[in-house]
Amino acid sequence: MTHCPIGCWNVRGFNSPDRVLACRKMVSSYHLEMLCILEAKIPPTSAYDP
């Protein structure tokens with residue numbers, strides 16, 4: 001069976017560049033293949049690089 005590391009974070013305030021950086025660091029630190037970000041109140045443009 002193949003191991004596929006997945007993370008999930010209910011992050012508040014994802015509009016903040018600091019939170020985006022924290023997510024990137026978490027992906028790198030844990031070697032995640034996928035990160036699910038739960039944040040209901042962000043505009044679509046916030047999903048891109050800050």
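The values are calculated or read from the model by the stated rules, or taken from the named source; none is laboratory data. Predicted model, so just to flag it, every value in this text is computed and none were measured. Glycine gets a Cβ as well: all are built from the backbone with ideal geometry, and neighbour counts include every protein chain shown.
Annotations for the structure displayed:
- Of all residues in region 16-35, those satisfying the criterion of being touching a residue at least 24 places away in the same chain (Cβ under 8 Å) and surrounded by 14 or more Cβ atoms within 10 Å (Cβ to Cβ) are Val20, Leu32, Leu35.
- Within region 1-11, being under 15 Å from Cys36 (Cβ atoms) and part of a loop (DSSP other than H, G, I, E, B) holds for Cys4, Pro5, Asn10, Val11.
- Candidates in region 1-15 are the residues that are among the hydrophobic types (A, V, I, L, M, F, W, C) and surrounded by fewer than 13 Cβ atoms within 10 Å (Cβ to Cβ); of these, the one that is nearest to Pro44 (Cα to Cα) is Cys8.
- Test: Val20 is modelled with pLDDT of 90 or more and either aromatic (Phe, Trp, Tyr) or part of a helix (DSSP H, G or I) (or both): no
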